Structures are given as C-alpha cells and as structure tokens.
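This report concerns only the one structure given below.
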Amino acid sequence: MINILIHQFQPDGAVVDASALEQFQRQWATYQKLVDSDELSHREVGALLHDTLNQSFDRPFAFLDIACGDASQMRALSGTKVRHYHGVDLSEPALELAANNLKDMPFEVELDHGDFVEAVTRRPEPADVAWCSLSIHHLVTDEKLRLMRALHGSTGSFLMIYEPTRQDGETREGYLQRFRRVNRPRWTMLTPQAGFSKARELFQDPTGFYRVFRYDR
C-alpha cells in the first residue's frame, strides 16, 4: 500500500511549476547516465545494503530513506523482510518518480515531501534502519549535525550513509582536484553542457545572492 504525502500535480493533471519540473528532468537525466553506467558504484552499494539488511533482520523491519530521490536504488530491498518504507525528499518531481518505482513493491510505502529533520522527528515510532545516499554532503555543518541528531533519536537499530569522502589529510581543494582528475576522463557518457566545455565561478557578491560565471567553449 502506498501513502503518498506529496502534491506536485493539480487535479486536472497540470504541473504546478512546469519550468522547475523541466529543469529537474534535465539534471536528473544527467545523473541517471552516471547511475546507468555504474560510475557511482550503485550496484555494489545496493548489494551491500541488501546483504546487510538480511544479515541484521530475521523479522519484519521499518526502513527510512533520507533524500530518497526516485528510489530506484531501493530494488535492493527486494528479498528482505522490510515491512514499511518511508522515503523523504525535498524534490516533488523526484517523489513522483519514486511513487512509480515503488508501486509494485510488497511492502507499505510512505513518501514525504519536505524538510528531512522535520519528517524524521515527527515519525510516530523510530525506524529500525535509516539510509542516506549521496546527499548529506550538500548540507552545511550545522545542518549535518541537526540531521544526525534527529536520525539518532529516530533510528532503533542502525544508520548507513553512502557519501563522497576526502582522504586523510586532504583539503577540500585537493579533493576537488582529485575528483576532476579521476572522473573527467571516465565520465565519457556526459556531453558538455549546452556545448560549453568548462564552467567557472568568477565572483560572488557579499550577500551571497548573486554570482558571475564564465563558460568556455
């Protein structure tokens, strides 16, 4: 049974914000190319999640998915004893895709649109397992701490996180240089954005609202 707590579409089926949905679909298509080519190791990570859940639970359990996106990785839940899936995301279009991807799953599904911490803390009971994939790094330090505290209070057994990480002693700039050096030659499935080969940020105003970008051919 699916209980979807989202309101992306009008009753007549019209998209509330068509431009936002179009932008999301373009960005998601780029991300999906990386997923389909397994450049982000989703297959191995999914298998690890599946095996960990089966090794940890011989009884039905509740699963919390923070920043679930389209929930396509949750094929890993097939063959486990999950009884209730709760996915949370800030993107309404992503949750529409998640609803479709999970519609045939043999467990109860709840999809929640909104703030991660708010959704976690208002759960009537703790989830047995919480999972977050490639999302926490988008938060500033205080927000990360706030989310981790909320998850600690809302997770009965354990939390698993899949995130990009810096090497010991590596600076942020060093990580970005390594990221470009390693991945730029590998990600041949991606084409230059709008025909430009490189984008750089040149300026940000003191308020943080405005920036200047340079796009090279």
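The values are calculated or read from the model by the stated rules, or taken from the named source; none is laboratory data. Predicted model, so just to flag it, every value in this text is computed and none were measured. Heads up, the Cβs are rebuilt from the backbone with ideal geometry, glycines too, and the neighbour counts pull from every protein chain shown. Note: accessible area is taken over every heavy atom of the protein model, side chains too, but ligands, DNA and RNA are not part of it. Shrake-Rupley method; radii C 1.70, N 1.55, O 1.52, S 1.80 Å.
Things worth noting here:
- Residue match in region 48-59 (condition: over 25 Å from R149 (Cβ atoms) and either touching a helix residue (DSSP H, G or I) at 6+ places or on another chain (Cβ under 8 Å) or among the aromatic types (F, W, Y) (or both)): yes
- Residue check for L64: in contact with a Phe, Trp or Tyr (Cβ under 8 Å, 6 or more places away or on another chain) and either open to solvent by less than 30 Å² (accessible area, probe 1.4 Å) or without any contact (Cβ under 8 Å) to a residue 12 or more places away in the chain (or both): yes
- Inspection of region 178-199 identifies no residue that is charged (D, E, K, R), open to solvent by less than 70 Å² (accessible area, probe 1.4 Å) and more than 27 Å from L48 (Cβ to Cβ).
- Scan region 113-135 for residues that are open to solvent by 40 Å² or more (accessible area, probe 1.4 Å) and not in a loop (DSSP other than H, G, I, E, B) and the total you get is 3.
- Evaluation of G69 against the conditions (1) part of a helix (DSSP H, G or I); (2) out of contact with any Cys (no Cβ under 7 Å at 6 or more places or on another chain) shows that the sole unmet condition is (1).
- Options D58, D70; residue that is of a type in the set (D, E, K, R), open to solvent by 10 Å² or more (accessible area, probe 1.4 Å) and modelled with pLDDT of 95 or more: D58
- Top-ranked residue of region 89-112 - restricted to ones that are within 11 Å of A71 (Cβ to Cβ) and part of a strand (DSSP E or B), ranked as most open to solvent (accessible area, probe 1.4 Å): D89
- Within region 149-162, residues that are in a strand (DSSP E or B) sit with their Cβ atoms under 7 Å from residues that are aromatic (F, W, Y), at 6+ positions apart or across chains, in these pairs: M160/W131.
- Count - residues of region 77-88 that are more than 19 Å from H138 (Cα to Cα), buried (at least 19 other Cβ atoms within 10 Å of the Cβ) and not polar (S, T, N, Q): 4
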